[in-house]
1. Any residue in the range 9-23 that is in a loop (DSSP other than H, G, I, E, B) sitting within a Cβ distance under 8 Å of a residue that is at pLDDT 95 or above and of a type in the set (A, V, I, L, M, F, W, C)? List the pairs, counting only those 6 or more apart or interchain.
2. Under the condition of being more than 26 Å from W141 (Cβ to Cβ), touching a residue at least 40 places away in the same chain (Cβ under 8 Å) and in a loop (DSSP other than H, G, I, E, B), which residue from the range 59-95 is most open to solvent (accessible area, probe 1.4 Å)?
3. Scanning the range 251-272 for residues that are within 16 Å of the chain's Cα centre (by Cα) and of a type in the set (A, V, I, L, M, F, W, C), which turns out surrounded by the fewest Cβ atoms within 10 Å (Cβ to Cβ)?
4. Quick check on the range 130-157: of everything there that is hydroxyl-bearing (S, T, Y) and either within 19 Å of the chain's Cα centre (by Cα) or farther than 20 Å from Y80 by Cα (or both), which residue is least open to solvent (accessible area, probe 1.4 Å)?
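The values are calculated or read from the model by the stated rules, or taken from the named source; none is laboratory data. On a predicted model such as this, the values are computed, not experimentally measured, just so you know. Glycine also receives a Cβ, built like all others from the backbone with ideal geometry; neighbour counts cover every protein chain displayed. What goes into the accessible areas is simple: the full protein's heavy atoms, side chains included, and nothing from ligands, DNA or RNA. Shrake-Rupley method; radii C 1.70, N 1.55, O 1.52, S 1.80 Å.
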Amino acid sequence: MKLSDINIRDPFILPYEGVYYMYGTRGADCWQGGSGFDVYTSRDLVAWSDPIEVYRKTPADPFDINFWAPEVHLVDGAFYMFASFKPADRERGTWILRSDSPTGPFIRWSASSVTPEDWSSLDGTYWEEDGKRYVVFCHEWTQIGDGHVCARELSRDLKTAVGDPVTLFKGSDLYLADAGKRDYVTDGPFLVRAGARLLLLWSSNSDGKYREAVAESDGGVLGPWRQQQRYLFADDGGHGMVFTGFDGVTYFTMHTPNRTPDERPKIIPIEL
């Protein structure tokens, strides 16, 4: 398969032992229903396998809709999936699943969401620094108007959250945000080191388009954060992440355009 054949949102690529593993939100499931997640594999970022199902909801899982934005991180020799779900009896949030293989099967690891159960949250990503592990996520604009990007410490075993969330910044902090707007979207945070700086990629809507923004910190995940005065991608694409290829090149991937069912993953070499 080619990237143009793959209908997913929120692509996340894990390079591991000579193979690229690409996860994402199933295009057909993005707004209604949902039952699981797939992975596509490649050795060259050009030719991709057919989808391989890595997680399917079981009767014991309390999720009903919004099977969104799976990310897979290798931690202590195991593969942990951070993904967003909406149970019937509580708000949408990020849960953690686990597998011994990047192709699954993944099973539920956290007993509950690692984002607050009374917050409408999504798009949790993983970060570790100074011996502490965090989920970085979005407190949704749909609940609070001005969306927040937040961090919350996790237990070492990644089963539970530790302590209260900390707000890193608000959607309205982006200097390019439309003046006079009432609602500020925050989507898809992803962290990466670039020299002495810590970068936080995130997405928002501006001038009617979905766009990829970048915040930076000279310290750690708790900031302080400042917004870069440019978009990383401005032409109706976002929910991106970066990875280093086996060729040593840094790549940025996202979905574009931001409309269903036309969204496709895109991979672009970049310099941070």
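1. Taking only residues 6 or more apart or on different chains, the pairs are G18/F246.
2. Filtering the range 59-95 for residues that are more than 26 Å from W141 (Cβ to Cβ), touching a residue at least 40 places away in the same chain (Cβ under 8 Å) and in a loop (DSSP other than H, G, I, E, B), the one most open to solvent (accessible area, probe 1.4 Å) comes out as A60.
3. I267
4. Only one residue fits best here, namely Y134.
A quick yes/no check of all residues on (1) on the phi > 0 side of the Ramachandran plot; (2) surrounded by 18 or more Cβ atoms within 10 Å (Cβ to Cβ):
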position	(1), (2)
V185	no, yes
G188	yes, yes
D207	yes, no
G220	no, no
L232	no, yes
V249	no, no
